[in-house]
Amino acid sequence: MANIYNTILKAKSENQKLLAILLDPDKIVWEHLSILISKINQSPATHIFIGGSLVKNNIMDELIVKIKENCKLPILLFPGNPSQISDKADGILFLSLISGRNPDYLIEHQINAVPLLKKTHLEIISTGYLLIESGTETAVERVSKTKPLDRNNIQYAVQTAQAGEMLGNKLLYLEAGSGAKQAVSLEMIKTVATHIEIPLIVGGGITDLERIQEAYNAGADLVVIGTAFENNINFFTLNTER
């Protein structure tokens, strides 16, 4: 597998937009896994993210192995805690919840993850994670016990993103949260994108291809689709046929 981060940087430099499908292991229906993988292969996805806020079953390894048998997309872990680390993946978004002030999600979980990561060959990509207010309490907010950033205080979000970049993060992730009522505003995406140099990921509350394109046009380098695809694995086919 080629260096994942370098391919993201190259895509950004060439204005090639990327798409990740986020899979939550707790929501996988194993009997339908082959169909799910087939739908991913038929989609415009460039990456697969695996993880969630509340992964209760220990199936990460098996899930990744099954996906890799029939899918060549790079798989990145999107962990809610160190228990979600698997050496079967290709890389990991090493997240720090810089929008919150809970030390567990700023640095403690990362410290606890180090012994596990040292035993793997995962490509580690430091990622500043910003939870943005979305009109409902999300799983990230409940689990992390942090408040999202005010969706209307764009300047503060920009400064938070810039601080993450100055601290050395390689990616920044604007997240409205799983099942968000409101996606991150296009104004926020545009303003943050124009004030940072590193690639910008945007996810949460994006429910159709039009909103994906709007996020791209606003400055997102990589868009993440989770709930919309979970609810309808024909998401891309149906949207394309409209």
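The values are calculated or read from the model by the stated rules, or taken from the named source; none is laboratory data. A quick note: this is a predicted structure, and the numbers were derived from the prediction, not measured. Because the Cβ atoms are built from the backbone with ideal geometry, glycine has one as well, and the counts that use them run over all protein chains shown. Quick note on the areas: whole protein, heavy atoms, side chains included, nothing else; ligands and nucleic acids left out. Shrake-Rupley method; radii C 1.70, N 1.55, O 1.52, S 1.80 Å.
Calculated mean residue ellipticity at 222 nm for the chain: -10500 deg cm²/dmol, from DSSP H runs with n ≥ 4 weighted as -39500 (n - 2.57), summed, divided by the residue count and rounded to 500.
Between beta-carbons, use under 12 Å as the cut-off and find the net charge around Glu137, counting Lys and Arg +1, Asp and Glu -1. Intermediate values should be presented prior to the final figure.
Numbers: positive: Arg142, Lys145, Lys147, Lys181; negative: Glu133, Glu141.
Summing Lys/Arg as +1 and Asp/Glu as -1 gives +2.
For the range 142-242, applying the loop criterion from DSSP together with a ceiling of 14 other beta carbons within 10 Å to the GluC sites (Glu not before Pro) yields Glu197. A Förster radius of 35 Å combined with the Cβ-Cβ distance from Lys190 to Ile35 puts the calculated FRET efficiency at roughly 0.40.
Per residue, how much accessible surface does the chain expose to a 1.4 Å probe? Answer in Å², no decimals.
On the way: 11590 Å² over 242 residues.
Roughly 48 Å² per residue, with all protein chains present.
Partners of Lys10 within straight-line reach, counting lysines whose Cα lies under 18 Å from its Cα and excluding those fewer than 8 residues away in the same chain: Lys170.
Working note: Debye formula, equal point scatterers on the alpha-carbon atoms of the range 43-124, no solvent; log10 I(q)/I(0) at q = 0.12 Å⁻¹ is -0.35.
Return the subset of Lys39/Lys119; Lys72/Lys190; Lys72/Lys119; Lys68/Lys181; Lys17/Lys181 for which the Cα-Cα distance in this structure is over 29 Å, preserving the input order. Pairs exceeding the cut-off: Lys39/Lys119; Lys72/Lys190; Lys68/Lys181.
Model label points for Asp26 and Ala163, set 7 angstrom from Cα along the Cα-to-Cβ axis, are 2.9 nm apart.
Summarising the overall dimensions of the range 143-242 from its C-alpha atoms, the Rg and Dmax are 14.0, 44 angstrom.
In the chain, the portion of solvent-accessible area held by carbon and sulfur atoms comes to 51 percent [1.4 Å probe, whole percent, DNA, RNA and ligands not counted]. The length gained by stretching the chain between Arg211 and Thr120 to full extension, at 0.36 nm per residue less their Cα-Cα distance, is 29.1 nm.
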